[in-house]
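Before any comments, here is the structure.
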Amino acid sequence: MTLTQNAHRVAIGDADTRRIAHLLRRAGFGPTRGEIERAADLGYAATVEELLHPEAQPDLEIEDLIRRYHVDQNSLMLLESSQSYWLYRIINTRRPLEEKMALFWHGLFATAYGKLNHAKAVVNQTHTFRRFGLGKFADILLELSRDPAMIFWLDNKDNHKDAPNENYGRELLELFSMGIGNYTEDDVKMAARAFTGWTIDNAEYMSIRASRDSFWPYGRIDWQFRYRDDDHDDSEKTFLGRSGTFGGEDVIDIIIQQPATAHYVAGKLYGYFVSDRPDEGAIGQLADEFVRTGGDIRAVMRCLFLSDFFADDAVRLGRVKSPAEIVGGTARLAGSHRFPEWTIVNLAMDVNFMGQEILNPPTVEGWHTGAEWIDTGNLVERINAAGIGVRDLASPGVRAIVDRVKAAGPALAPPQLAEACLDAVGMFEVSAATMDSLLAMAAPWGELRFDRADALACSESRVTELLQLIVAAREYQLA
Amino acid sequence: MTTTATTAAATFQYSHTVGFLAYQGRGFIHPVDLALGDGGVMYVLNRGGPETTARLNHKRVCVCTVDEGYIGEWGHGGIDDGQFWWPSGIARGADGRLYVTDEALQRVNVFDADGNFLRYWGQAGDAPGQLNRPAAIAVAPDGTLLVSDALNHRVQRFTADGEYRHGWGQFGKQSGQFDTPWGLACNAAGHVLVADWRNDRVQAFSSDGRFIGQWGTSGDGKGQLNRPAAVAVDDEGYIYVADWGNERVQIFGPDGATAAILHGDATISTWAADYFAANPDEADARSRSDLFPAVNPRRDHYRETSAGVESRFWGPTSVKVDDAGRIYVVDSCRHRVQIYRKHR
């Protein structure tokens, strides 16, 4: 799906601003016009560096407030509470790429509440993605292998020296690093043996609790990683052509050195951040950078954001936003939920209704993305939720948009009004059909006046009406 | 092993736990405060959450006793008269009436001793007498009510009928100013103690709002506080602070020095024991478990430790004391009340 399939583009503003808006959409969750301006002043390359170094920005500044006002988001016992917590992070983060990477890794290493019955365990895993998501891929895999939610999800707690369970070893190779066809069944068996003894504390008790969804007597108990040497198979293993008394760390080291791993990870990053349609040349560039840097994800992402293929016109506005991007991005645009409000759970439910239960992906393969996010049912949800999100003039982001439109002139005829609204939203390219729809809506209003007290309230209200149509447009569904 | 903290003048010893996770009936779900009645009765205010239709009935007051008797429950989530949306604080007047603050509906609900709704008062705003997220409520010796008006960063006093008397405080870090205050308490002399939550301190005021003194600086050391949620005071002048961000209760002696620090010692309540009796396989597996595992937190050390070690406080939002020397700690993320005793 691209913007230009059936219609030509109507462009607003300069090419550099459009390019930087593209970067912020892909590396985050819907930039505000102010954020686009700030990044444009900073420059493209410097903005890329800022995005790549989230640690230079403060972590979530309202975490204490969230936990105070939402006790359920302090315990994170319930799925809806935990989903709401992630929405807060998406909306309020000053580290957009960190959050986007967390969502990316969550989709790739999909671990679901549905089997674990332990929402906080999955949240803890996403914190691991925040900490390590832009680091070395080897560290990501190592942390993942030690992650209690993953150990539970793929049954590594049942992977014993005398009775190996291959589930984690198989998915580590098939879905998490190399892709099918690049290893043998024996490699799966050896990987599984290498990870024997990687378990959690009190596995028996925790398994019983999870299996019957018991949170009694006093709520969930966080799982803890435990390495049990007495349950580890330290015998000789041959894995991907190399032999030794390998443990899990050794297996990960070998995986990282495989060309297939570089290509697989590069392909996943390309598909998530660039385009649903694979470009082997571009993926090859990313894979080369992966190899050159020893699997440094930050370096690969730098290569991606600075590449010509990322800047290509055909790529821009060519990717369907995920539900979390639509809902979180709209809240960011509207400036809502910057402070704890009970309505955050409604946003979390909206994301669910659109087909993306964050923290509870449908299978180990994660979500089917791209055009598959859209069907007749959830398209209505997407449009309705976005429209509701921007209709309140009291929301600071909506207020800022309206003020920016007002600053375009004391009186705006429909074409100027449409252009000013699009600019204020940071939507610099629309199809002629979308522009025609906006003009058709605005035409009956005639010239909107912002310089007359008797007309001001009506004019501002008209702007919010046009905003609702803008976020219902096809382009708003795309990043 | 249970905590026994001894100072020259007093010993603070873990007694027992009341509670069990229950969406309805005998147990609690995200309790945030309690009020003490006669004869060991406890009115435990359950905030529940999140605010989905299916979970609104979690919001309620569970009435039970300190020796684990279950009496009943009243209240329901909703926006109608007498219902709760974000219930936060509960206090009991000398006449037995119960007052419950609601941070979402910006009101104080009044119930009789049996939980029958009588009336509410309060409206949203920042004018004198108006409310913006009323958090805690306490009854002064003269029967007036003190409310921490969190997002107006002030304390307000009302009559028992909701008539505004006076208030003090504004946003800031200076003495007498507040940042999102939460818990408050009155001593016998009518002095008001306020948990100045985002300033990491407890401030004391005279009954007319004049600043007297303060406890705590930011941090996790002795004498330091991290987002204190609640405060209580006993007749000997000991100050009990629910040091929410540090997942502990810190007790200051009458001299202002730290007298004891409690981290939580929960044991199996009678209600929990009933559950395990009905689920022996779960009890059996539990008996073979290490309930004090080594926790390797990567983030927010105290909270993650509390999440991993079941007996510890996790989100202590309220602390109350009674005339018998009992200390009640509302353990919000663990759905229980841990009870300690002070011995001289």
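Over all Cα pairs of the stretch B:1-140, how is the pair count split among 10 Å bins, expressed in % and running from 0 up to the last occupied bin?
Histogramming the stretch B:1-140 at 10 Å steps yields 12, 39, 31, 13, 5, 0 percent.
Which pairs in the list A:K157/B:K222; B:K59/B:K320; A:K157/B:K59; A:K157/A:K321 are over 28 Å apart, alpha-carbon to alpha-carbon?
As for pairs spanning more than 28 Å Cα to Cα, those are A:K157/B:K222; A:K157/B:K59; A:K157/A:K321.
Residues with amide H under 5 Å of B:T267's amide H, sequence separation 5 or more or different chain, H placed in the peptide plane at 1.01 Å from N; which?
Residues meeting the amide H criterion: B:T17.
If you line up the Cα atoms of the stretch A:376-471 on their principal axes, what length do they span on each, largest first, in Å?
43, 30, 22
Give me the percent of Cα-Cα pairs in the stretch B:55-95 that sit more than 15 Å apart, rounded to a whole number.
So the pairs more than 15 Å apart make up 51 percent of the total in the stretch B:55-95.
Hey, got the average number of other protein chain Cβ atoms within 10 angstrom for residues in A:73-82?
Mean shielding by partner chains, rounded to a whole number: 5.
Do you know the relative contact order of chain A, to the nearest whole percent, from alpha carbon pairs under 8 angstrom that are 6+ apart?
21 percent
From zero outward in steps of 20 Å, how is the percent of C-alpha pairs of the protein assembly as shown spread across the bins?
15, 42, 34, 9, 0
Over all alpha-carbon pairs in the stretch A:278-330, figure out the percentage whose distance exceeds 19 Å.
Value for the stretch A:278-330 (Cα pairs over 19 Å): 43 percent.
To the nearest Å, what is the center-to-center distance of the stretch A:28-59 and the stretch A:234-311, using C-alpha atoms only?
Taking the Cα centre of each part, the stretch A:28-59 and the stretch A:234-311 sit 26 Å apart.
Using only atoms on other chains, find how many Cβ atoms lie within 10 Å of each Cβ of peptide A:222-229 and report the average.
Rounded to a whole number, the mean comes out at 4.
Among A:398-405, B:212-219, what's the highest-first ranking by average C-beta atoms within 10 angstrom per residue?
A:398-405, B:212-219
Provide the percentage of antiparallel DSSP beta bridges, counting only those with both residues in the protein assembly as shown; round to the nearest 5.
95 percent
Hydropathy first: keep DSSP H helices in chain B averaging at least -0.5 on Kyte-Doolittle, then drop any whose Cα extent along the axis falls short of 18 Å, and list what survives. Before the final figure, lay out each step's value.
On the way: long enough: none.
Going by DSSP H runs, there are no hits.
Residue-wise, which Karplus ³J(HN,Hα) couplings in Hz belong to the stretch B:85-96, taking 6.51 cos²θ - 1.76 cosθ + 1.60, θ = phi - 60°, and x for glycine or proline?
Couplings: 10, 10, x, 10, x, 9, 9, 10, x, 4, 7, x Hz.
List every DSSP H helix in chain A whose Cα atoms extend 27 Å or more along the helix's own long axis and whose mean Kyte-Doolittle hydropathy is at least 1.0.
None pass (Cα extent of 27 Å or more, hydropathy at least 1.0).
Whole number please: convex hull volume per residue of the Cα set in the stretch A:1-109, in Å³?
That works out to 150 Å³ per residue.
Assuming 1.306 mPa s and 10 °C, estimate D for chain B with Stokes-Einstein, Rh taken as the Kirkwood radius over Cα pairs, in µm²/s.
Using the Kirkwood radius from Cα pairs, D works out to 79 µm²/s.
Rounded to a whole number of µm²/s, how large is the Stokes-Einstein D of the stretch B:77-187 at 20 °C and 1.002 mPa s, given Rh as the Kirkwood radius over C-alpha pairs?
Approximately 156 µm²/s, per Stokes-Einstein.
Given chain A, report the % of alpha carbon pairs whose separation exceeds 38 Å.
Cα-Cα pairs in chain A separated by more than 38 Å: 29 percent.
Could you give the dipole magnitude of the stretch B:104-189 about its Cα centre, charging the beta-carbon of Lys and Arg +1 and that of Asp and Glu -1, in debye to the nearest 20? Working shown, then result.
Values: 7 positive and 8 negative charges, 52 e Å.
Taking the Cα centre of the stretch B:104-189 as origin, the dipole is about 240 debye.
Kindly state, as a whole number, the per residue volume in cubic angstrom of the convex hull around the alpha carbon atoms of the stretch A:289-368.
Considering the Cα atoms of the stretch A:289-368, their hull volume per residue is 163 Å³.
Would you work out which of A:T363, A:V390, A:N352 lies farthest towards the positive end of the dipole of the stretch A:340-397? Charges go on Cβ: Lys and Arg +1, Asp and Glu -1.
Selected residue: A:V390.
What ranking, highest mean first, results for peptides B:185-195, A:308-318 when packing means the other Cβ atoms within 10 Å averaged over each residue? Can you show the working numbers first?
Numbers: B:185-195: 21.1, A:308-318: 17.7.
Top to bottom by mean Cβ count within 10 Å: B:185-195, A:308-318.
Under the √(5λ) rule applied to the eigenvalues of the Cα gyration tensor, what semi-axes describe the equivalent ellipsoid of the stretch B:218-314? Give them in Å, descending. Show your work: numbers first, answer last.
Values: eigenvalues 195, 65, 18 Å².
Working through the eigenvalues yields semi-axes of 31, 18, 9 Å.
For peptide A:58-65, compute the average count of partner chain beta-carbon atoms within 10 Å of each residue's beta-carbon.
For peptide A:58-65, the averaged partner shielding equals 2.
Got a sec? Charge dipole of the protein assembly as shown, +1 on Cβ for Lys and Arg, -1 for Asp and Glu; which of B:A259, B:V66, A:A455 is way out at the positive end?
The one lying farthest along the dipole's positive direction is A:A455.
Please name which of A:S431, B:Y164, A:A266 has its Cα lying farthest along the dipole of the protein assembly as shown towards the positive end, using unit charges on Cβ (Lys, Arg +1; Asp, Glu -1) and the Cα centre as origin.
B:Y164
Each reported figure results from applying straightforward, stated rules to the coordinates on display, with no laboratory input. All values reported here derive from a predicted model rather than from experimental measurement. So basically every Cβ, Gly included, is an ideal-geometry build from the backbone, and we count neighbours across all protein chains shown.
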